[in-house]
Amino acid sequence: MKSKGKFRIVLKPKTKRAKRFLEGRAPKLIEDVKTAMIMKGGNSSLTVTQALKDIYSLKKPNAVLYKKKNITRPFEDSTSLEFFSKKSDCSLFLFGSHNKKRPHNLVFGRLFDFHVLDMVELGIEKYVSLSELKNSKCPEGTKPMLVFAGEAFDLDNEHRRLKSLLIDFFRGPTVSAVRLAGLEHVLHFTAVEGKIYMRSYRCLLKKSGCRTPRIELEEIGPSFDLVLRRTHLASDDLYKLSHRRPKGLKIRKKKNISRDAFGTKFGRVHMQKQDLSKLQTRKMKGLRKRRGAPVAAEQDTAEQDAQAPKVAKVES
């Protein structure tokens, strides 16, 4: 779509392939799974290169790995990142670089409408790769369980945004149900004393003698000790705008219907005042009216006869 003065020229696709391509890029009520682009800068160390490959293996198949170097600085000029995101249709990115001032640098970020929304810069202090831990790994595309520990993720604004960014980056596809055997990958993030520790575990289901299995965690890598550096956070208004849901997905509130904490549905019905004295009930033998007076009289006579003294009859 091009604009010329006050008029807009709409370019229509000429082939079926171009039509399918434009339909895939068009806005949807339910968006596709967020894809991440992973790239390295002009200067990068062996640690950064291997870390990008390991994170790519965790993110597959919803990731694109650029093997060539890209001379760009996200915090100074983000136009190249926005260009690549539009080209590859990615809303998340991970950028790795290395220099004397900021060694072993990772930049996590996300985009809204192909413009940078949030960026967080993390420095690698200690790193253990996937290949160094000789354990069996999780299958590709496994949806991980995300665990966040530390008060900083709830109290500090920068750590709260970082938590939201990491959830966006590693959450994977949205599913309606998960089987127990599918819960086998855990990503654990801990914020302590200004540092962030990332660990990756594999869930092992052991026999426990009952229906619920016993769970053991086995570290499979990669493992990171990170320190928070620079941040570029969106304003509150823009952040709120990015969370706006379309009208088609908003749940309309139904009148006189509510749910409790357990999801039980309750409904309220309004009725006119009823006269219960004229209510027609089911005719049963147990509900029939009995004649009370004759029965009571017979009972009183029987009681008087029982209490009277007995007199012997004498014949003359």
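The values are calculated or read from the model by the stated rules, or taken from the named source; none is laboratory data. Keep in mind it's a predicted model, so treat the numbers as computed, not measured. Cβ placement follows ideal geometry from the backbone for every residue including glycine, while neighbour counts extend to all protein chains displayed. Remember, those area values only see protein heavy atoms, side chains included, never the ligands or the DNA or RNA. Shrake-Rupley method; radii C 1.70, N 1.55, O 1.52, S 1.80 Å.
Things worth noting here:
- Potential extension, N70-R214 segment - 0.36 nm per residue separation minus Cα distance: 47.1 nm
- Restraint check, K34/K247; K53/K240; K143/K163; K60/K101, Cα-Cα greater than 24 Å: K53/K240; K60/K101
- Potential lengthening of the chain between L155 and L22 amounts to 43.6 nm, from the contour at 0.36 nm per residue minus the alpha-carbon distance.
- Computed from the C-beta positions of S164 and Q272, the FRET efficiency with R₀ = 30 Å rounds to 0.05.
- Portion, in percent, of the accessible area of the chain that falls on carbon or sulfur, probe 1.4 Å: 53
- Kyte-Doolittle mean at least 0.0 and Cα axial length at least 24 Å: DSSP H helices in the chain: none
- Shape call, the chain: gyration tensor on alpha carbons, a/c limit 1.5: prolate
- 3J(HN,Hα) from dihedral phi, segment 261-277, Karplus parametrisation 6.51/-1.76/1.60, rounded to Hz, x for glycine, proline: 5, 9, x, 6, 8, 10, x, 10, 10, 9, 10, 6, 5, 9, 9, 6, 5
- Prolate/oblate/rounded label for segment 33-96 (Cα gyration tensor, a/c 1.5): oblate
- Whole-Hz Karplus values for segment 106-111 come out as 10, 10, 8, x, 9, 10 Hz, taken residue by residue from phi with 6.51 cos²θ - 1.76 cosθ + 1.60 and θ = phi - 60°; glycine and proline positions read x.
- For the chain, the solvent-accessible area with a 1.4 angstrom probe is 76 square angstrom per residue.
- Helices in the chain, meaning DSSP H runs of at least 4 residues, each add -39500 (n - 2.57). Divided by all residues, the mean residue ellipticity at 222 nm is -7000 deg cm²/dmol.
- Computed extension length for R245-K206: 9.8 nm, one decimal, from 0.36 nm per residue of separation with the Cα-Cα distance subtracted.
- 3J(HN,Hα) along segment 252-259, derived from phi through the Karplus expression 6.51 cos²θ - 1.76 cosθ + 1.60 where θ = phi - 60°, amounts to 6, 6, 8, 5, 6, 10, 9, 10 Hz, with x in place of Gly and Pro.
- What you get for the chain, charging only the Cβ of Lys and Arg (+1) and of Asp and Glu (-1), is a dipole of about 2320 debye around the Cα centre.
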